[in-house]
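Student: This is the structure I want to talk about, given as structure tokens.
Each value in this text was obtained by applying a stated rule to the coordinates, not by laboratory testing. A quick note: this is a predicted structure, and the numbers were derived from the prediction, not measured. Here the Cβ positions follow ideal geometry from the backbone for every residue, glycine too, while neighbour counts run over all protein chains shown.
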Amino acid sequence: MPDRTASITRHTNETQIELSLTLDGSGAAQIDTGIGFFDHMLHHVAHHGLFDLSVKASGDLHVDAHHTIEDVAICLGRALDEALGDRHGITRMGAAYVPMDETLARVVVDLSGRPYAVIEADFRDAAIGGMPTTLVAHVFESVAFQARMNLHAAVLYGRDDHHKAEALFKALGRALAVAV
């Protein structure tokens, strides 16, 4: 199998991002976006996907976290697409259910080359540790469209916003681990 890695650089007026991804890794992650909770979520994707992921991002956090989170998600999706190459020999589809205390989340992916995203997750609070909860769905959508995959994610039930988001990101990593 060819080397399934990708390095993406994105520099805009709002952000500067360096991201590298190895699909056949060990789950090692070095992530610094300046948004602690988002770093924590990306670490879970790497750990549960058994991907090696490095992210160094700086952005206009004095404005808000939106540009940084969105642009990192774009880079992650592009890296997935590039690392998959022609997608020959992959399982293509993967699914995962992840419990997190009172929460249960499901993520199903199809690395078909056809981008689509359906995200069903309601949050009670406006933010979790500096990450707006509205951006959880936006991350999943951005990754799906840039990676050219179908992605269906749902929080089936739960109360705690942290647990809901964490279960979703862990399930994303696990579903991708199967599919790639």
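Student: Taking the Cβ-Cβ separation of Glu102 and Val63 as r and a Förster radius of 41 Å, what is the calculated FRET efficiency to the nearest 0.05?
Tutor: 0.75
Student: Here is a follow-up. Any idea how far apart Ser7 and Arg92 come out in nm if each label point goes 7 Å out from Cα toward Cβ?
Tutor: Each label point is offset 7 Å from its Cα along the Cβ direction, giving 3.2 nm.
Student: Okay, helix-only estimate at 222 nm for the chain: each DSSP H run of n ≥ 4 adds -39500 (n - 2.57), divide by all residues, round to 500 deg cm²/dmol; what do you get? Display every interim value, and only then the final one.
Tutor: On the way: 4 runs with 66 residues, N = 180.
So the helix-based figure for the chain works out to -12000 deg cm²/dmol.
Student: Something else about it: Magnitude of the Cβ-charge dipole of the stretch 83-180, K/R +1 and D/E -1, about the Cα centre, nearest 20 debye?
Tutor: Values: 10 positive and 11 negative charges, 84 e Å.
Charge dipole, the stretch 83-180, about its Cα centre: 400 debye, nearest 20.
Student: Follow-up. With springs only between Cα atoms under 10 Å, which of His163, His11, His67 fluctuates most in a Gaussian network model of the chain?
Tutor: Taking springs between Cα atoms under 10 Å, the residue moving most is His11.
Student: Rounded to whole Å, give me the distance from the Cα center of the stretch 1-76 to that of the stretch 89-153.
Tutor: If you average the Cα positions of each part, the centres end up 16 Å apart.
Student: About the Cα centre of the stretch 79-125, what is the dipole size in debye to 20, counting +1 per Lys and Arg Cβ and -1 per Asp and Glu Cβ, all else neutral? Could the numbers behind the result be given before it?
Tutor: Working: 5 positive and 9 negative charges, 55 e Å.
Value, rounded to 20: 260 debye.
Student: Report ³J(HN,Hα) in whole Hz for each residue of the stretch 111-126, in order, from the Karplus equation J = 6.51 cos²θ - 1.76 cosθ + 1.60 where θ = phi - 60°; Gly and Pro get x.
Tutor: Going residue by residue, I get 7, 7, x, 10, x, 6, 9, 10, 10, 10, 7, 9, 10, 7, 9, 6 Hz, with x marking Gly and Pro.
Student: In percent, what relative contact order does the stretch 8-117 have, based on Cα pairs under 8 Å that are 6 or more apart in sequence? Spell out each step's value before the answer.
Tutor: Numbers: 170 pairs, mean separation 27.3, N = 110.
Here the relative contact order equals 25 percent.
Student: Please find, in a Gaussian network model of the chain (springs between Cα atoms separated by less than 10 Å), the residue of Thr68, Thr22, Thr134 whose mean-square fluctuation is greatest.
Tutor: Of the options given, Thr134 has the highest mean-square fluctuation.
Student: Here's something else I'd like to know. Tell me, what ³J(HN,Hα) does each residue in the stretch 7-22 have, in order and in whole Hz, if you take phi through Karplus 6.51 cos²θ - 1.76 cosθ + 1.60 with θ = phi - 60° and put x for Gly and Pro?
Tutor: Those phi angles translate into 10, 10, 10, 9, 10, 10, 5, 9, 9, 10, 10, 10, 9, 10, 9, 10 Hz.
Student: So how far apart, in nm, are the two label points at Val178 and Tyr116 if each is 7 Å from Cα heading toward Cβ?
Tutor: Here the answer is 1.9 nm between the modelled labels.
Student: Provide the net charge surrounding Gly158, with neighbours chosen by a C-beta distance below 15 Å and charges set as Lys +1, Arg +1, Asp -1, Glu -1. Before the final figure, lay out the partial values.
Tutor: Details: positive: Arg106, Arg124, Arg159, Lys164, Lys170; negative: Asp101, Glu102, Glu120, Asp122, Asp125, Asp160, Asp161, Glu166.
Summing Lys and Arg as +1 and Asp and Glu as -1 gives -3.
Student: On a full-extension model of 0.36 nm per residue, what is the gain between Asp32 and Tyr157, subtracting their alpha-carbon distance, rounded to one decimal in nm? Working shown, then result.
Tutor: Values: separation 125, 0.36 × 125 = 45.00 nm, distance 3.02 nm.
Full extension from Asp32 to Tyr157 adds 42.0 nm.
Student: Counting only DSSP beta bridges with both residues in the chain, what percent are antiparallel, rounded to the nearest 5?
Tutor: Numbers: 32 of 41 bridges.
Given both bridge residues lie in the chain, the antiparallel proportion sits at roughly 80 percent.
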